[in-house]
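Student: Following this message is one structure expressed as structure tokens.
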Amino acid sequence: MSSTSSSSEPIDSPNVEPKRAIQDLLAVINNAKALPSNLKLKEFCEAFLDPQHSNKFFEIVSFPEESKEPPIVDIGVIFKDDKNEDLPADYEILEKTCGGRNADVNKGSGGKYVYLCYRRSFDSKPVTAASVIVTQMDEEAPHGFDIIAKTVGGNSANLNAGSHGRSIHLTVHRGTGPRIRNIALVFTGRETLDRSYRKIERTPRGRSADLNSGSDGRVIHLAYELDFDEYIGRFAEFSHLDSVLTRCVACICAGLFCYEYPVILQAMRSFSMLGPVPTELVSAFGYAVCDSLILYISYFSGEVHINYLQFIKSFFKDRLDSLDSKVVMRLFETCMFLRHEDNRVKASREMVDGLVAKIPACIRCRCQGAEYEFSTFCPRCEQISQTESPAIQVLVESILHETVNNVVVSKYSQFYVGKFMRSHRVDECFRKEMTNFVEPLFPAGHERLLVSALIVLCKFIGQPLPDKLSGKSEKIKRRIHALHVLSHILEESPQFFQGTSAAVVVMRRIFCTSFVDNLATVVPALFQTAMKFFGFLWNHFVFTLKSDLGSLLDICLLGMLKSNHCTPGQKIDVIEGLSLVFKTPQSIANLYYNFDNDIDASNVFESLVTSISKLTEGSRSENRYGLPEDNLQHAGLAFLINIMEFLHRWILSPRHSSEGSISSEDSISDSISVAPESIILEIEDKPSQVIEATSSQFLEPGISPTRRKKSRPDTWTIRFDTVKERKRMESEAIKISHSEKLKTAVKYLWTLHPHPSVSYIAKFLYNNSPLDKQEIGDFLGSAAIDNLFTEAQMCELRDAYVRLLDFTSLSFDEGLRHFLVDSNFRIPGESQKIDRIMKAFSDQYYHDNPGVFKTANGAYVTSFAILMLNTDIHDPRLRTGANTRSPMTKDEFVRNLKDVEEIPRAFLEKQFDAIVKREIKWKNEATDGYADDAGNLDHISIQRGFRDECRTMSRKCQAALRSSAFFQASYSSTSNKEIAKGIFSVSWFRFLLAITILLQHSKDTEVLGACLDGLKFGATISIRLGSIEELESYANILSQFIFAEDNKFKDASEISRLILKGEHQKVEWFQALKESALEMPEEACKLFSSLVNNMKSRVVYSGNQDALRKIEQDFAGEIVLKHPHRTFLRAGNLSKVSHTNKPQEYQFFLFSDLLLYASETYSAFKYHRALHLSLCKVVDIRNSERNLRNAWKVISPQKSITVFASTEQQKSEWIEAIQAAIDSVIKHRRIWMRHGKLRNAKPGTTPAESQLMSAFIGRSYPDDLRDQKSDFREEQPCKLCVRPFGVIRRKLSCSWCQDYTCKQCSSHSVEIPSSRRKRRVCDSCYGFLSSNLRKQSSGDSS
């Protein structure tokens, strides 16, 4: 293998003639020693340089058509010793190695007789590359490669099968590069390969590609021969271009496939040296770069791959004006292909920056504040300024113009969106289809290239995850990388992707459709990246993508919160992410106004509050699975309190008017009905090519996306009442369905709804999970409903119901499973009803997946056959009793369907295998279908259930996105203060319920304090909105809590009995609050806030003392920590340098005034030392000093210690916490010194400053606490070591500060100002009187 060299060597200046470029390339070729013998690279270059033979250049690769051998299109694995494995037709088996030996891959290892086979054909895509992966080491097939997972007989295609070697599999790639002409096996070290072959020596991750790796067998490698003649011959198609440049680029491209890195590097330089090159040749070279890199993924090391990335970045920048959509997609795909995260991120971002820099700058539209490109004014502004017609008439015409434009673009896009979703890989067919899609929509070249890049990245974020999830998975890393690049694209060009109907359609139908799977995922790292991206989208694109982002929020994110299988950690990620999205009162008001107060939208805000409230209360599912939920409750509570605070601030804000005003276009255009149904139906009948005929009329740049303006009431109040009435009506219908029948409930809705329709009834049945699923199935399967629906209406109802689902890109068994299991109904028992329901499903699947079946009838018959197969195989009743019979075989299943429109046997066999492997099983609502009979769940079952839930959420969201594709709802920003009434009306009870449960059961001081804040916000909001009943509820909970705290030493049952009697309400403030709420609302708010603040102080104080008492118990009474002015801050394991200069681990405790460390024994902590922070100074120690890392020193007259942490982060956290505590205690000392006094000071004397500083440490308990709190009635401990006095530890009075300390803490004598003799003083006075803290003392006096 050729050695690599640096790519940083200077490249000659551009615009060099082609002859010079080939001369330089030939010079390097002449020094190469191992070029493929069939490449003819030298002959190409010499023919190019010889003017006499220039016209015979392509004759080097030409030969008679009939002599061409078909390329290899399939490579398989066969076990020759397995009688069930037969060589398929048209396949050839590789019997011999290149040296004529037996080609058993497992030879010498004692395993199975494993052979390779292959098939040749001109009718299928040829294999263009192959690789080997060690699946046992979690290696995945590189992007674009297909793993050969099964042998021809259906066994695992592990090449080391039967041996004790590693699990190894082959992978193949079918692309646009040179085709594989032949394959061979070579026993390395025993046989010699022909120079036309290249051996696969390494896996994509750099491991050995020995097919017998890990076993005792012989070292054997796979090799292949490429068909370079056919590849170079493709350049003859460019005969219409400059023949010199064409032959030059052909030589350069050939040099990229030579497997010699110096030659490859020179080929890249030679192309860079050329001047202007036609677009076709630039694309051909770009493809050659990407195709050659695919070959080298299993040949060169990572350094070469990085140099490839650098060249791709340079090539993209230099030739950007000559690139087309396909090659741009191919270059971004190659960046995804490589594994080097940092380099590919940098390359991708720089390529994006180069594209964005070419997009014309956007200007702000005068008429509606949106961003548009290409023109000084948007067409609406220009038309308004130039016409004499009334503005309203021009506005109506403009809106209708936009409507038709948007509908045309949406209908045209629908065909290609289906192609996009059904494409399972990014291949040449995908690139051609997407190029055909974007070219008519984006006439400007660079805009088209930017959209092409976005589309190919969207395909990457939508690709399926591996079955085995791992942090090392390249598929997961690739999706995360693609999300980062997409985020960069939208951050750099938000105006462009919101400026035209075409760009908005791409965002809605391509981007949002692909983004769904990244929010509904079980992979935490992927979800966290997507969650951050969602926050950006909501903040910058919600005015364009209202319905789409609303569906993502409602179905995916809130679905996560409602999930019974989602982990608490991921739910916390959801809540924290939403906290960043909705972080202002305006964002909360807009969320409610645009969704809950929109008749046509779902109640997103109410659902959000309800979901988080249930988590805060302590959800059943978390307890059921035994997963931790404390942090989840804290996150949920913090979110709810923030919402209440935002609502409180919204009411108080002087910027919001009581009448209210709505920004954006609501004032005029709300009353205009657009998108007439006749226009939509007419365009539906047109072919997809309608865009060509209408682009000149409807695709003018600057037209804003269509706003969905359905008829709705004009004021907020009327809309609120309408939504409230609809909720009440649907809630009553659900109650009727439970008490009577579903038919009665539907009739109730049909009678009372102002505009009844079967589509509304279908949505009601689909969206309301409390309805009985079996009844829904019976209702949908009915032929007609007496006195309600005719047979035609029932058929329309079923069609409307299945249109709420999306089966695009799903395999037939997956689509049927989704329909039967996750569509909110259960299949009825009557055969005729089943028939009608399956007919509706078959029609919709056929519509969503054209090409799978020739007619909808084929889907219908196959769906029935699968239903019967599922029962026949998995129903245990057919295996017991008198009716016992054998399950249906694969041949019987295929034979039953042989007469149905020539359905391929392979397709039917795939359906059979899928049903055998996994039963279509309806979930038990009590256990979600994943628990055993006893209701128990293991971790694997939980994870499987979560993945299934994510798939269901994804499909539902896809369907919601598709249903709103033709209209764009307007997202408005409101300043109406009255909106607070609606927000509070749907949320106050959920707030109160969550707070009540936590106040009754939580002992966490932080939680209780937050709950009290919530009560304060809830009550003051109630007062200001005049909601007296809600106020009484909040006040009642507060009075209960205060009563319980005042009587906490009583028995709990006695407290409950007194509360039930109403004793807690027999307080003066309770009645005063109710009386003042209406007459003096501000006084009532002050009264309630004062009560809450006082109670919160008591709770926090009590919690601090409880924490101190708990730590005292951990020390078995060895120390006394409780003190009214002391709080516990943090604890952790740190190491201290001992007196022998050796590290020793201790448990450190940091309090507001103490740093204490102890050693841990089997039963308790053993006290070592307590350092008072008012005496301490923290000094950082650099890592180079004394061979200590992450160390610092605490200097104190008590004792100076050197401490070090395990990590730099832990060190910085501890130093910051200690220094903050020191600053705080010194601040409090200064305040205390203004009024402080010595313990036994004589009247009229003024204590010295150093005396007061020391006395601050041993300050006495307040007298009121000594009388009220039993904890502080006992004698204070030693003020320095905090150990209690006793018979052994006698107390001594300090001669200077007059405080009591133990003998150990009074070990120094010093000359004090009041005496000429040295006297014993405590360590703190010694420190203040000596030079150790003199500087600090002078700092305090200042």
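The values are calculated or read from the model by the stated rules, or taken from the named source; none is laboratory data. In this text the structure is predicted, and so the values were computed from the model without any measurement. With ideal geometry, Cβ positions are generated from the backbone for all residues, glycine too; neighbour counts draw on all protein chains shown. In case anyone asks, the SASA skips ligands and DNA or RNA and just uses the protein heavy atoms, side chains included. Shrake-Rupley method; radii C 1.70, N 1.55, O 1.52, S 1.80 Å.
Student: For the condition touching a residue at least 40 places away in the same chain (Cβ under 8 Å) and more than 27 Å from the chain's Cα centre (by Cα), what is the one hit in L295, L331?
Tutor: L295
Student: State whether the residues of region 253-268 include one that is assigned to a loop (DSSP other than H, G, I, E, B), of a type in the set (V, I, T) and closer than 21 Å to I232 by Cα.
Tutor: No, every residue in region 253-268 fails to be assigned to a loop (DSSP other than H, G, I, E, B), of a type in the set (V, I, T) and closer than 21 Å to I232 by Cα.
Student: On to the next question. Let me confirm something: among S314, S325, which residue is among the polar types (S, T, N, Q) and either surrounded by fewer than 19 Cβ atoms within 10 Å (Cβ to Cβ) or in contact with a Pro (Cβ under 8 Å, 6 or more places away or on another chain) (or both)?
Tutor: Only one candidate qualifies: S314.
Student: Considering only region 1009-1026, state which residues are among the aromatic types (F, W, Y) and on the phi > 0 side of the Ramachandran plot.
Tutor: none
Student: Among Y846, Y801, which is open to solvent by 30 Å² or more (accessible area, probe 1.4 Å) and either assigned to a helix (DSSP H, G or I) or touching a Lys or Arg at 6+ places or on another chain (Cβ under 9 Å) (or both)?
Tutor: The conditions single out Y846.
Student: Return only the number of the condition from (1) at pLDDT 85 or above; (2) farther than 29 Å from F122 by Cα; (3) outside any loop (DSSP other than H, G, I, E, B); (4) not small (G, A, S) that N31 does not satisfy.
Tutor: Tallying (1) at pLDDT 85 or above; (2) farther than 29 Å from F122 by Cα; (3) outside any loop (DSSP other than H, G, I, E, B); (4) not small (G, A, S), N31 fails exactly one: (3).
Student: Going by the structure shown, is M888 in contact with a Phe, Trp or Tyr (Cβ under 9 Å, 6 or more places away or on another chain) and farther than 28 Å from L765 by Cβ?
Tutor: yes
For every residue, the table says whether it meets (1) outside any strand (DSSP E or B); (2) in contact with a Ser or Thr (Cβ under 6 Å, 6 or more places away or on another chain); (3) basic (K, R).
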| residue | (1), (2), (3) |
| --- | --- |
| N1104 | yes, yes, no |
| R1109 | yes, no, yes |
| G1117 | yes, no, no |
| P1124 | yes, no, no |
| L1129 | no, no, no |
| S1135 | no, no, no |
| N1141 | yes, no, no |
| Q1147 | no, no, no |
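Student: Which members of region 1204-1237 meet the condition of being open to solvent by less than 80 Å² (accessible area, probe 1.4 Å) and farther than 17 Å from L1175 by Cα?
Tutor: Those that are open to solvent by less than 80 Å² (accessible area, probe 1.4 Å) and farther than 17 Å from L1175 by Cα: F1204, A1205, T1207, Q1210, K1211, S1212, E1213, W1214, G1236.
Student: A follow-up question, please. Looking at region 502-523, can you tell me whether even one residue there is under 30 Å from S124 (Cα atoms), in a helix (DSSP H, G or I) and among the basic types (K, R)?
Tutor: For region 502-523, residues under 30 Å from S124 (Cα atoms), in a helix (DSSP H, G or I) and among the basic types (K, R): absent.
Student: Continuing with this model, one more query. Could you check how many residues of region 509-550 are open to solvent by 20 Å² or more (accessible area, probe 1.4 Å) and over 15 Å from L465 (Cα atoms)?
Tutor: Number of matching residues: 8.
Student: Tell me whether region 183-195 contains one or more residues that are free of Cβ contacts under 8 Å to residues at least 40 places away in the same chain and open to solvent by less than 40 Å² (accessible area, probe 1.4 Å).
Tutor: There is no residue in region 183-195 that is free of Cβ contacts under 8 Å to residues at least 40 places away in the same chain and open to solvent by less than 40 Å² (accessible area, probe 1.4 Å).
Student: Somewhere in region 770-784, is a residue in contact (Cβ under 8 Å) with a residue 40 or more places away in the chain, more than 16 Å from L820 (Cα to Cα) and surrounded by fewer than 17 Cβ atoms within 10 Å (Cβ to Cβ)?
Tutor: Yes, there is a match, as at least one residue in region 770-784 is in contact (Cβ under 8 Å) with a residue 40 or more places away in the chain, more than 16 Å from L820 (Cα to Cα) and surrounded by fewer than 17 Cβ atoms within 10 Å (Cβ to Cβ).
Student: Hey, any hits in region 466-489 for a residue that's surrounded by fewer than 22 Cβ atoms within 10 Å (Cβ to Cβ), among the hydrophobic types (A, V, I, L, M, F, W, C), without any contact (Cβ under 8 Å) to a residue 60 or more places away in the chain and outside any helix (DSSP H, G or I)?
Tutor: For region 466-489, residues surrounded by fewer than 22 Cβ atoms within 10 Å (Cβ to Cβ), among the hydrophobic types (A, V, I, L, M, F, W, C), without any contact (Cβ under 8 Å) to a residue 60 or more places away in the chain and outside any helix (DSSP H, G or I): present.
Student: Turning to a different aspect of this structure: So, in region 867-879, how many residues would count as being farther than 16 Å from I837 by Cβ and buried (at least 19 other Cβ atoms within 10 Å of the Cβ)?
Tutor: 1
Student: Quick check on my filter: what residues within region 787-824 are polar (S, T, N, Q) and touching an Asp or Glu at 6+ places or on another chain (Cβ under 7 Å)?
Tutor: Once the filter is applied, which keeps residues that are polar (S, T, N, Q) and touching an Asp or Glu at 6+ places or on another chain (Cβ under 7 Å), region 787-824 yields only T808.
Student: (1) modelled with pLDDT under 85; (2) over 30 Å from S298 (Cβ atoms); (3) open to solvent by less than 50 Å² (accessible area, probe 1.4 Å): which one isn't true of P18, the others all being true?
Tutor: (1)
Student: Name every residue in region 976-1010 that is in contact with an Asp or Glu (Cβ under 6 Å, 6 or more places away or on another chain) and either touching a residue at least 60 places away in the same chain (Cβ under 8 Å) or not in a helix (DSSP H, G or I) (or both), in order of residue number.
Tutor: Those that are in contact with an Asp or Glu (Cβ under 6 Å, 6 or more places away or on another chain) and either touching a residue at least 60 places away in the same chain (Cβ under 8 Å) or not in a helix (DSSP H, G or I) (or both): V986, A994, I997.
Student: Considering only region 559-594, state which residues are among the basic types (K, R) and either outside any helix (DSSP H, G or I) or open to solvent by 10 Å² or more (accessible area, probe 1.4 Å) (or both).
Tutor: K562, K583, listed by residue number.
Student: Also: Which count do you get for residues in region 1315-1328 that are buried (at least 24 other Cβ atoms within 10 Å of the Cβ) and either more than 17 Å from C1302 (Cβ to Cβ) or of a type in the set (S, T, N, Q) (or both)?
Tutor: Final tally of qualifying residues: 2.
Student: If you go through region 1275-1314, how many residues are open to solvent by 70 Å² or more (accessible area, probe 1.4 Å) and of a type in the set (K, R)?
Tutor: Residues in region 1275-1314 being open to solvent by 70 Å² or more (accessible area, probe 1.4 Å) and of a type in the set (K, R): 4 in total.
Student: Only one of these is open to solvent by 50 Å² or more (accessible area, probe 1.4 Å), modelled with pLDDT of 90 or more and outside any loop (DSSP other than H, G, I, E, B): Q23, Q52. Name it.
Tutor: Q23
Student: Condition (residue is among the aliphatic types (A, V, I, L, M) and in contact with a His (Cβ under 8 Å, 6 or more places away or on another chain)) applied to region 1159-1176: is it met by at least one residue?
Tutor: Taking every residue of region 1159-1176 in turn, none turns out to be among the aliphatic types (A, V, I, L, M) and in contact with a His (Cβ under 8 Å, 6 or more places away or on another chain).
Student: Out of region 1153-1177, which residues are open to solvent by 30 Å² or more (accessible area, probe 1.4 Å) and touching a helix residue (DSSP H, G or I) at 6+ places or on another chain (Cβ under 8 Å)?
Tutor: F1165, K1177
Student: If you don't mind, another one. Please verify whether region 859-866 includes one or more residues that are open to solvent by 90 Å² or more (accessible area, probe 1.4 Å) and either within 18 Å of G829 (Cβ to Cβ) or modelled with pLDDT of 90 or more (or both).
Tutor: No, every residue in region 859-866 fails to be open to solvent by 90 Å² or more (accessible area, probe 1.4 Å) and either within 18 Å of G829 (Cβ to Cβ) or modelled with pLDDT of 90 or more (or both).
Student: May I pose another question? Condition first: surrounded by 24 or more Cβ atoms within 10 Å (Cβ to Cβ), within 32 Å of the chain's Cα centre (by Cα) and assigned to a helix (DSSP H, G or I). Can you find one or more residues in region 1017-1036 that meet it?
Tutor: No - not one qualifying residue is present in region 1017-1036.
Student: Condition check: modelled with pLDDT under 60, of a type in the set (A, V, I, L, M) and under 25 Å from Y1101 (Cβ atoms). Does L1265 satisfy that?
Tutor: Criteria met by L1265.
Student: Only residues that are open to solvent by less than 50 Å² (accessible area, probe 1.4 Å), over 18 Å from S1206 (Cβ atoms) and part of a strand (DSSP E or B): list them for region 1178-1196, please.
Tutor: V1178
Student: Among the residues of region 895-923 satisfying the criterion of being aromatic (F, W, Y) and part of a helix (DSSP H, G or I), which is surrounded by the fewest Cβ atoms within 10 Å (Cβ to Cβ)?
Tutor: That would be F907.
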